[in-house]
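The values are calculated or read from the model by the stated rules, or taken from the named source; none is laboratory data. Owing to the predicted nature of the structure, the values given are computational and were not obtained by experimental measurement. For neighbour counting, all protein chains shown are included, and Cβ atoms are generated from backbone atoms with ideal geometry for every residue, glycine included.
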């Protein structure tokens, strides 16, 4: 299973640690636009199945293209960016779990 996490703040780091321990066969990519934040998160997790992926989620086309290579996307970005990541997961044909609050109603994307 290939898992892409979007955002690597405190909650993201805790979740990635948990996933990497509970699903050791999973390949987990930790993404953020800040490479230093990614590397700090990965070094604190210290697991071989967790890899860095620098990704600017404002680049929608790249986000969709990258997401296509994963089985599941986990949204951990700030709420103002959450809706776009949900749209990208739909366009990529990837299942998603989103943990961010967003003002928009994501159910409007349910067709």
Per the filter on the range 5-26, residues part of a loop (DSSP other than H, G, I, E, B) and at pLDDT 90 or above are 23, 24, 25, 26
Do we have any residue at all in the range 52-72 that's in contact (Cβ under 8 Å) with a residue 24 or more places away in the chain, assigned to a strand (DSSP E or B), surrounded by 20 or more Cβ atoms within 10 Å (Cβ to Cβ) and touching a helix residue (DSSP H, G or I) at 6+ places or on another chain (Cβ under 6 Å)? no
For the range 63-83, give me each residue that is over 11 Å from the mean Cα position of the chain (by Cα) and farther than 22 Å from residue 1 by Cβ. 78, 79, 80, 81, 83
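Hey, can you tell me all the residues within the range 92-106 that are in contact with a helix residue (DSSP H, G or I) (Cβ under 6 Å, 6 or more places away or on another chain) and either closer than 13 Å to residue 6 by Cα or modelled with pLDDT of 95 or more (or both)?
Here is the first cut: in the range 92-106, the ones in contact with a helix residue (DSSP H, G or I) (Cβ under 6 Å, 6 or more places away or on another chain) are 92, 94, 96, 98, 100-102, 104, 106.
Once the filter is applied, which keeps residues that are in contact with a helix residue (DSSP H, G or I) (Cβ under 6 Å, 6 or more places away or on another chain) and either closer than 13 Å to residue 6 by Cα or modelled with pLDDT of 95 or more (or both), the range 92-106 yields 92, 94, 96, 98, 100.
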How many residues does the range 12-33 hold that are surrounded by 13 or more Cβ atoms within 10 Å (Cβ to Cβ), out of contact with any helix residue (DSSP H, G or I) (no Cβ under 8 Å at 6 or more places or on another chain) and either in contact (Cβ under 8 Å) with a residue 12 or more places away in the chain or within 15 Å of residue 73 (Cα to Cα) (or both)? 6
Restricted to the range 27-51 and to residues being part of a loop (DSSP other than H, G, I, E, B) and over 14 Å from the mean Cα position of the chain (by Cα), the residue farthest from residue 94 (Cα to Cα) is 46
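Name the residues in the range 1-10 that are under 20 Å from residue 82 (Cα atoms) and either touching a helix residue (DSSP H, G or I) at 6+ places or on another chain (Cβ under 8 Å) or loosely packed, with under 13 Cβ neighbours inside 10 Å (or both), would you? I'd like the intermediate steps shown before the answer.
Taking the range 1-10 first, the residues under 20 Å from residue 82 (Cα atoms) are 3-10.
If the condition is that a residue be under 20 Å from residue 82 (Cα atoms) and either touching a helix residue (DSSP H, G or I) at 6+ places or on another chain (Cβ under 8 Å) or loosely packed, with under 13 Cβ neighbours inside 10 Å (or both), then 3, 4, 5, 6, 8, 9, 10 are the ones that fit.
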Failed item, numbered, when residue 2 is tested on (1) at pLDDT 90 or above; (2) touching a strand residue (DSSP E or B) at 6+ places or on another chain (Cβ under 7 Å); (3) under 23 Å from residue 110 (Cβ atoms): (3)
